[in-house]
Amino acid sequence: MIALIGPMGAGKTHFAKGFARGLGYAGDVTSPTFSIVQEYHGGRFPLFHFDLYRMKSAEEVIALGWDDYLDQDAVLLVEWADLFPEIWPSPVQIVKIEILANGRKILYQK
């Protein structure tokens, strides 16, 4: 799992688009804000792109089949993951995106 953390408009979905391209996915990559999760197949690994912004609780996320997604041999790229750190698997890669006056700052931690 890769947790994408940053404010609205920081570029989390844009990052996800580039990440999907890096995995070799050639189709359109869209924000899962309303669908909550988008599945992308056809690259080196399946990619499950989540947006948890509209979720109200960790239980609501788990009810989506969260554990089933975690059990697959795939990459989970999760926007707004910091809303529910209690459901993060171990280990988690964290990408924090900050908005600066002259661009963006991306911090990575594992």
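Readers should treat all values here as calculations from the given coordinates under stated rules, not as data from a laboratory. Only a predicted model underlies this, so the values are computations on that prediction, with no experimental measurement involved. Here Cβ is always computed from backbone atoms with ideal geometry, including for glycine, and neighbour counts include all displayed protein chains.
Listed by Cβ neighbour count within 10 Å, with the fewest neighbours leading, M8, M55 appear as M8, M55.
Within a Cβ distance under 9 Å of E98, other residues only, what is the Lys/Arg minus Asp/Glu net charge?
So the surrounding residues net to +3.
Only Cα pairs under 8 Å and at least 6 apart count here; give the relative contact order of the range 2-94 as a rounded whole percent. Rounded, it is 35 percent for the range 2-94.
Counting other C-beta atoms within 10 Å, and keeping those with at most 12, which DSSP coil trypsin sites (Lys or Arg not before Pro) do you find in the range 1-80? Please report the intermediate quantities before stating the final value.
Values: sites: K12, K17, R21, R44, R54, K56; in loops: R44, R54, K56.
Here the trypsin sites (Lys or Arg not before Pro) that fit, given the DSSP loop and packing criteria, are R44, R54, K56.
Exposure proxy shown here: for V29, V78, the number of other Cβ atoms within 10 Å sets the order, fewest to most, as V29, V78. Close amide-amide hydrogen proximity is noted between G43 and no other residue 5 or more places distant or on a separate chain, at a cut-off under 5 Å (H modeled in the peptide plane; Pro and chain starts excluded).
Entry note, the chain: the mean residue ellipticity at 222 nm calculated from DSSP H runs of n ≥ 4, each adding -39500 (n - 2.57), is -5000 deg cm²/dmol after division by the residues and rounding to the nearest 500.
Close Lys pairs in the chain (alpha-carbon distance under 18 Å; sequence gap of 8 or more, or different chains): 7. Sorted ascending by nearby beta carbons within 10 Å, beginning with the fewest, H14, H41 become H41, H14.
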